[in-house]
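What follows is one structure encoded as structure tokens, with my remarks underneath.
The values are calculated or read from the model by the stated rules, or taken from the named source; none is laboratory data. Everything quoted here is computed from the prediction, not taken from an experiment. Neighbour counts run over all protein chains shown; Cβ positions are idealised from the backbone, glycine included. Ligands, DNA and RNA are excluded from the accessible area calculation, which covers all protein heavy atoms including side chains. Shrake-Rupley method; radii C 1.70, N 1.55, O 1.52, S 1.80 Å.
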Amino acid sequence: MKLQRKIWLSCGAVVAVVMAIDLGVGYRDVQASVHALASEDARIVQSLLMATRRIYHQQFLDSGIELNSHTIGFLPAHAMSKISADLPNWLKSGLRFNNVSDRPRNQNNAADAVELEDMAWFRANPKAKDRILDIQDASGKSFYHFAAPIWIEPYCLKCHGERSATPAAIRDTYDQAYGYKVGDLRGVLSIHVPTDELRASALQTWLERSVGRLVGYVALLLLLGLMLQHLVARRLTALGRAAKRLQTGELATRVDASGNDELSELSQGFNHMAEGLAKRDAAVHESMLQLRESESKYRSVLASSQDGFWLANAQGRLLEVNDAYVAMTGFSREELLQMSVAQLKADESRAQVQAELQAIMAGQAGLFETLHQRKDGQVLPVEISATFSWAEGGVFAAFVRDISKRQEADARIRQLNFFDGLTGLPNRVLFTDRATQALRQVQARGEAAALVCLDLDHFGHINDSLGHQAGDQMLVLLTERFHSLLGPDDLLARPGGDEFLFLLTHLDEAQAQAAVNSLIQGVAKPLRVMDKDIAMTVSVGVAIYPQDGPDVDALLRAADTANHSAKQAGLNSVRFFTAEMRQSVTLQLALEADLRDALVRHEFVLYYQAQVNDAGAVLGAEVLVRWQHPKRGLVPPADFIPLAEANGLILPLGQWVLETACWQLARWADVPALAGLTLAVNVSAKQFQLPDFVARVVAVLELTGINPQRLKLELTESLLVSDVQDTIDKMRALKKLGVQFSLDDFGTGYSSLAYLKRLPLDQLKIDQGFVRDILLDPDDAAIAHTIVVLARAMGLAVIAEGVETVAQRDRLLALGCQHFQGYLFSKPVPLADFEALAPTKNKKE
């Protein structure tokens, strides 16, 4: 159906509905006017009769006419009855009235059934002034019935009061209608107005008016239809034609959009759409030009890139290479385009590369390290970052980077991490690893071994008197002498300072005593240092495997215990681990037993050590757990943390520390002076490796409602020797929430740059072991500087722990470190002391 026809039909329907409503309301109003006219007539008659009755009665009384059988007819009740009867002779409209009562003295004034009902209604509703009804007489003629109450007034009592008090003419004439009181209902004034003639007249009026309205509505229909056709149909037709032209590609098509109505907005929208299509067409054309230009730039970038680049199909056949890749491999471009990716790999890495490419095709991350074999046979370590697209049958795109220099740096850091830079000896970490392997062989052969902890007595005197250069030379010479005294299977290490560790094999306790004596004598022989002969004495502690410990850690503890006993005995002393010392270990076991109950008894407390910036302002704190033992007093963490790690209590203890720290951050959030502080929480490897570790941290964050950015989790490098990918995934999940990460004791463990760059870290922490001798040991300073440079290159912050002197801080500042922690700024203190320190120190700075 055409829109024009719909408009006319809709207008007709609307006008018909409005006209029907209008005529219906008009008819209702005409009918209501019938009642209004009848009611008005009745009230006029009521007013006239009641005024006549009252005035007539008063005039009769004021005249002084004696009431007798001849004058009784002048009473209003009698006169009104005769007027009512005579009215039809003068008024032909059918209107009639009468005073009626349920106790009439004149039977012509007796109330009919409707009038009796009126009287009963007025007695029930004494405040009502009138009652109106529509009634029909016996012949079916309609009347408007109007009734008004006639109440007994004081002047009425002369005729209707007590009979004995009424005039004799009344008593002699009437037997009833006595005994009324003021306010009683005597009767009603009943008025009947015929309505048939009124209704007929009203209907005629309504019909005459309806004809006029009908003509008006027809005119309205024509006006509305023509107006809508002009305002809507014509403009929509124009829009439709324009849309067809636009569809054929005439993008310059526009329509008239003048006006402020919805069709004008639609026209404007059409014009905007046409303009948008024209612009998009122009943009597509421009994009094609830019695409060609971008492709040219892309090829230029690949040509100038320092990293190699190649494209290969799904089977690994090379499709494109850049100049850097040609130079990296030593093959020509033509040779490379005839080769597959697998042919470029060293023999030992081909299977790995094939597996990596298959994983990338399956949607996994495409970053891995492998070995390339150059045309000249040289094996080159490379890092490959590859992606895969299924477009055009499948295409690999890869950037290849030579990482040989990075691996050299990694090896250098590993050397610094596991070897003493001065003597070249293994440090404690590497010694522990090698000694563990050696003890396995000793156990397999059923032999004994001795672990020796040797300290030089008063070695500091050499540094103080001759200088650190002399001390360093002394240590190097002693190392050479120790090597000359050891067997091929014995181990030697320098953990630091003036301490040496030995693992002596193929001997029993007596032979161990002889070997230790040989070491003491070797030290006692003077050494030529800076043109001076210097002889040293030593304090030695010895632990025998297996009787003093089943593993390296136990033997180290036993040897350290014996060494401590030797130092207490005086210079040049040797002590073997004894039963008495074992008793001390037993006490340590008792401490472990107490440790199991400490968490339940709420004996742990948190201490806070401030972390500051280069201006000394407090940025936050590291929380450090302390054990408030009921008998032993405050137990330092070094005495119970290793025990907790060993027996698994580190898990609930670590959870308690995390929750307590987060609740403290929640309380600080309401204190303006402390709201910006962060708290660093140490997380053990066992705690972090829990499958639900992330869920546990998230639950604590949600429970406390803290800002996750105020929480810093400190991890150790030992995490990197297990599941590295699991570590990365957990860190990334918490990093998304805002939690920060710091790598604790960096440079002392198994750190690898290949893994380090993948960790979502925020901060590296320089271990206090490097800070302690940073002014004395060039290697420590070199390590600290390397860590700062590495962190800066990776966009990470650096903090140094264990800063105890202004000189150490200034040296670290010179190396580029700007955040510090240590006794120079604050010892670990209880919460109240830290809360008093932080704002005060910030204010001073």
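For (1) open to solvent by 50 Å² or more (accessible area, probe 1.4 Å); (2) in a strand (DSSP E or B); (3) not small (Gly, Ala, Ser), each residue gets a yes or a no:
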site: LYS375; (1), (2), (3): yes, no, yes
site: PRO381; (1), (2), (3): no, yes, yes
site: THR387; (1), (2), (3): yes, yes, yes
site: ARG414; (1), (2), (3): yes, no, yes
site: LEU430; (1), (2), (3): no, no, yes
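The number of residues in region 389-412 being part of a strand (DSSP E or B) and either crowded, with 16+ Cβ neighbours inside 10 Å or of a type outside the set (S, T, N, Q) (or both) comes to 8.
Screening the candidates ARG494, ARG481, ARG557 for the property of being farther than 30 Å from VAL771 by Cβ and among the basic types (Lys, Arg) yields one hit, ARG481.
Which of the residues that make up region 548-569 are in contact (Cβ under 8 Å) with a residue 40 or more places away in the chain, surrounded by fewer than 20 Cβ atoms within 10 Å (Cβ to Cβ) and under 21 Å from ASP508 (Cβ atoms)? Correct list: ASP551 only. Has region 540-558 got any residue that is under 23 Å from ASP457 (Cα atoms) and hydroxyl-bearing (Ser, Thr, Tyr)? Scanning region 540-558, I find no residue that is under 23 Å from ASP457 (Cα atoms) and hydroxyl-bearing (Ser, Thr, Tyr), so the answer is no. Scanning region 489-525 for residues that are basic (Lys, Arg) and open to solvent by 40 Å² or more (accessible area, probe 1.4 Å) yields one hit, LYS525.
Annotation note: of VAL585, VAL529, the sole residue that is more than 22 Å from LYS631 (Cβ to Cβ) and modelled with pLDDT under 90 is VAL529. Pairing residues of region 498-518 that are farther than 26 Å from HIS458 by Cβ and among the polar types (S, T, N, Q) with residues that are part of a helix (DSSP H, G or I) and open to solvent by less than 40 Å² (accessible area, probe 1.4 Å), at Cβ distances under 9 Å and at least 6 apart in sequence or on separate chains, gives THR505/ALA438; THR505/LEU439; THR505/VAL442.
Residues in region 515-552 that are among the hydrophobic types (A, V, I, L, M, F, W, C) and not in a strand (DSSP E or B): ALA515, VAL516, LEU519, ILE520, VAL523, ALA524, MET530, ALA535, MET536, VAL552.
If you go through region 663-685 and pick out every residue that is farther than 28 Å from PRO637 by Cα and in contact with a strand residue (DSSP E or B) (Cβ under 6 Å, 6 or more places away or on another chain), you end up with 0. Can you tell me which residue in region 203-238 is farthest from LEU9 (Cα to Cα), limited to those that are among the small types (Gly, Ala, Ser) and at pLDDT below 75? Here the residue is ALA233.
Could you tell me whether region 440-458 includes any residue that is within 28 Å of LEU775 (Cβ to Cβ) and open to solvent by 70 Å² or more (accessible area, probe 1.4 Å)? The answer is yes; a qualifying residue exists. Remark: pairs (first residue in region 682-710, farther than 17 Å from TRP656 by Cβ; second residue open to solvent by 50 Å² or more (accessible area, probe 1.4 Å) and among the polar types (S, T, N, Q); Cβ separation under 9 Å; 6+ apart in sequence or on different chains) = ALA685/SER718; ALA685/SER722; GLN689/SER722; PRO708/GLN740; GLN709/GLN740; ARG710/GLN740. Number of residues in region 665-694 that are of a type outside the set (Ser, Thr, Tyr) and closer than 30 Å to ASP833 by Cα: the value is 19. Considered as a group, the residues in region 744-757 that are part of a helix (DSSP H, G or I) and either open to solvent by 10 Å² or more (accessible area, probe 1.4 Å) or more than 20 Å from ASP723 (Cα to Cα) (or both) include one that is modelled with the lowest pLDDT, and that residue is ALA754.
Restricting attention to region 432-450, the residues that are in a helix (DSSP H, G or I), over 11 Å from ASP551 (Cα atoms) and among the small types (Gly, Ala, Ser) add up to 1.
For MET80, the criteria (1) in contact with a strand residue (DSSP E or B) (Cβ under 8 Å, 6 or more places away or on another chain); (2) at pLDDT below 80; (3) open to solvent by 20 Å² or more (accessible area, probe 1.4 Å) hold in every case but one, which is (3). Is at least one residue of region 570-579 part of a helix (DSSP H, G or I) and buried (at least 16 other Cβ atoms within 10 Å of the Cβ)? Looking through region 570-579, none of the residues is part of a helix (DSSP H, G or I) and buried (at least 16 other Cβ atoms within 10 Å of the Cβ). Within region 86-118, being modelled with pLDDT of 75 or more, among the small types (Gly, Ala, Ser) and open to solvent by 60 Å² or more (accessible area, probe 1.4 Å) holds for one residue alone: ALA113. From (1) at pLDDT 80 or above; (2) within 40 Å of the chain's Cα centre (by Cα), pick out the condition that doesn't hold for ARG333. All conditions pass for ARG333, except number (2). Within this structure, ARG481 fails the test of being touching a Ser or Thr at 6+ places or on another chain (Cβ under 6 Å), modelled with pLDDT under 95 and surrounded by 13 or more Cβ atoms within 10 Å (Cβ to Cβ). Could we say that LEU185 is surrounded by 14 or more Cβ atoms within 10 Å (Cβ to Cβ) and either modelled with pLDDT under 75 or under 30 Å from MET119 (Cβ atoms) (or both) here? Yes; evaluated as a whole, the condition is true for this residue. Evaluated against (1) open to solvent by less than 70 Å² (accessible area, probe 1.4 Å); (2) assigned to a loop (DSSP other than H, G, I, E, B); (3) more than 30 Å from LEU478 (Cβ to Cβ), GLY424 falls short on exactly one condition, (3). When region 676-689 is filtered for residues that are open to solvent by 40 Å² or more (accessible area, probe 1.4 Å) and more than 18 Å from GLN763 (Cβ to Cβ), the ones remaining, listed by number, are LYS686, GLN689.
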